[in-house]
Structure formats: structure tokens, C-alpha cells
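The block underneath contains the structure these notes are about, expressed in C-alpha cells.
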Amino acid sequence: MLAESLFIVFLGAPGAGKGTQAKLLEKELGLLQISTGDIFRKNLQEESELGLLAKSYMDKGELVPDGVTVAMVKERLSHADCAKGALLDGFPRTVAQAEALADLLADLGKRVALTLYLKVPDEILLQRLSGRWICRNCGAVYHTLFSPPKVAGVCDLCGGELYQRPDDKVETAQNRLRVYFEQTAPVIEYYDRLGLLREIDGTQSIEEVHHALLTAIGEVDCQ
Ligand code: AMP
């Protein structure tokens, strides 16, 4: 990867595989995965003011207000570990956030190089979300049907305890998908108009999607 900096946005509905794929690429590309959902969950665990504010929205499957989210991302991107770029997972989720991101990066003399859109049909998304279990310790993701752990409730990789995200339960997951189609789908058009969008079939296996993403990233012009 020769680009001076590489900011890549992952787009796709909840359950499309953004987090799984960003984690795989993180190691391979040496770029940090920045997941706004993970940052909110960490704040919630620590019972910070931001975490408690975010909880009221997350519990309902709604988006945390743009001002709060953008300020949090601005702070995160100012760290030295983002100087070479980042894999943005779950941000931007509204057109206003996408515009704010462009401004934030412009202030740093940088820009979004590419957006990777993982496309998955609606009926598959709900099935994926409702069977998802995550390791409390290392964040590894399992699925009761597609990739179950060897021992129920225990992480194959580190032995940590597996849990189901409260917002993956059916009613909240349905609302998250509704919010996605209303507020986040326009972000796909936004990046398409800028010529930055690459669409990937997210129904393929994890390895196939990973390979397709690497190919798309390899085609990016160096900055
Ligand atoms: P995720 O882990 O990406 O599915 O995010 C979980 C929840 O965190 C979402 O349902 C939102 O409530 C909140 N959240 C995460 N990212 C954003 C964002 N970019 N804008 C607003 N809310 C967000």
C-alpha cells in the first residue's frame, strides 16, 4: 500500500459484515479500525457521560445525534495512530456526518480515498443479527447457525465469554434496519456521486468478501 494516507469508509446495513471485514483488514493493512459503535459501547461500559447519552439512542436502535458523533470522531482522528489513515466502520451514517467527515479530513490535508459498500439483501440481515454472539474479551464474532463456537458461549480464540448485543434482539434490530434505510442509505448515493463507491456482494463467504475488498483497495489511486 503506497498511498500516503488511506481513509476507507465501510458502508452497509447492520449485519452486512463491516466489522468482521474491517478487523481482518486492520492487521493486513496496518490501519486502525475505528468503529463508532465500539467506541459508544466502551463508553457505556465505563459509564461515561457520553456512554450514558448514547445508551438512550442505542437501546432503541436510533442514531446518536450527529453533533455528538462527529465530535467524538474528530477527537479520535486527531490521534497520531490515525496519521496514515483508518478504516471507518459505522461512520458516517448520515449525509451530514459524511459532509462533516470531508471537512474534518480536509482540515488535516486528507480525504476519503474509497468507500466499500457491502450489499446484503434485507432478509439475510435480520437472520445474521439475531444469531450473532460476540466475545466480551477479544471481540471475535460468532453466529449460532453459520459459524458457531466449538463450545457454546465460549470464544474459540481466547476462552472469553460470548454475549449477544442487546440491540441485536429482533425488535431493536428491525428498528436499526429501518433507521439504516431511512438515514444511511442516502450516504451510499453521496459517495457514488463523488465516484468513490465500490459495491461488494456481501453474501459471499468471509474469505471471498475479504478478497474482493483487497482487490478494490488495490485499485485505489495513491494520494
Ligand atoms: P453499530 O455497532 O455500528 O451497529 O452501532 C451500534 C449503535 O451505536 C447504533 O445503533 C447507534 O445507536 C450508535 N451509532 C454507531 N455509529 C453511529 C453513527 N455513526 N451515528 C450515530 N449513531 C451511531
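The values are calculated or read from the model by the stated rules, or taken from the named source; none is laboratory data. As the structure is a prediction and not an experimental result, all values here were calculated from the model. Because the Cβ atoms are built from the backbone with ideal geometry, glycine has one as well, and the counts that use them run over all protein chains shown. What goes into the accessible areas is simple: the full protein's heavy atoms, side chains included, and nothing from ligands, DNA or RNA. Shrake-Rupley method; radii C 1.70, N 1.55, O 1.52, S 1.80 Å.
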Practice task
Show me 200-213, 44-57 ranked by packing, highest mean number of other Cβ atoms within 10 Å first.
Solution key: 200-213, 44-57
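Cα-Cα pairs above 21 Å in the chain: how many percent?
Cα-Cα pairs in the chain separated by more than 21 Å: 55 percent.
Two decimals, Cα atoms only, Kirkwood Rh: what is Rg/Rh over the range 120-223? Can you show the working numbers first?
Values: Rg = 16.5 Å, Rh = 16.0 Å.
Rg/Rh: 1.03.
Mind giving me the FRET efficiency for residue 49 and residue 81? R0 is 30 Å, r the Cβ-Cβ distance, nearest 0.05 is fine.
Details: r = 24 Å, r/R0 = 0.80.
The calculated FRET efficiency here is 0.80.
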Exercise for the section: With springs connecting C-alpha atoms under 10 Å apart, model the chain as a Gaussian network and identify which of 68, 95, 151 has the largest mean-square fluctuation. Expected result: 151
Fill in the blank from the handout: Out of 118, 138, 106 - ranked by how far each Cα lies towards the positive end of the dipole of the range 103-150, with unit charges on the beta-carbon of charged residues - the top one is 138
Exercise for the section: Tell me which residues come under 5 Å, amide H to amide H, from residue 133 once H is placed; ignore anything under 5 positions away on its chain. Expected result: 142, 143, 144
Exercise for the section: With a 1.4 Å probe and every protein chain left in place, work out the accessible area per residue of the chain in Å², rounded to a whole number. Expected result: 51
Fill in the blank from the handout: So for R0 = 41 Å, FRET eff. of residue 136-residue 185 from the Cβ-Cβ r, to 0.05, ends up at 0.85
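Given the -39500 (n - 2.57) contribution per DSSP H run of 4+ residues, what per-residue ellipticity at 222 nm results for the chain, rounded to the nearest 500 deg cm²/dmol? Each step should come with its number before you reach the end.
Numbers: 9 runs with 98 residues, N = 223.
Calculated from helices alone, the mean residue ellipticity at 222 nm is -13500 deg cm²/dmol.
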Practice task
Choose one of 44, 72, 220: the residue whose Cα lies farthest towards the positive end of the charge dipole of the chain (beta-carbon charges +1 Lys, Arg; -1 Asp, Glu; about the Cα centre).
Solution key: 44
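Which values, in whole Å and largest first, are the semi-axes of the equivalent ellipsoid of the range 11-92 obtained as the square root of 5 times each eigenvalue of the Cα gyration tensor?
Details: eigenvalues 95, 49, 24 Å².
They are 22, 16, 11 Å, listed from largest to smallest.
For the range 50-176, what is Rg from Cα atoms divided by 2.2 N^0.38 Å, rounded to two decimals? Mind showing how you got there, number by number?
On the way: Rg = 17.1 Å, N = 127, 2.2 N^0.38 = 13.9 Å.
With N residues counted in the range 50-176, Rg over 2.2 N^0.38 Å equals 1.23.
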Problem - C-alpha center-to-center spacing [the range 113-128, the range 171-223] in angstrom - result: 7
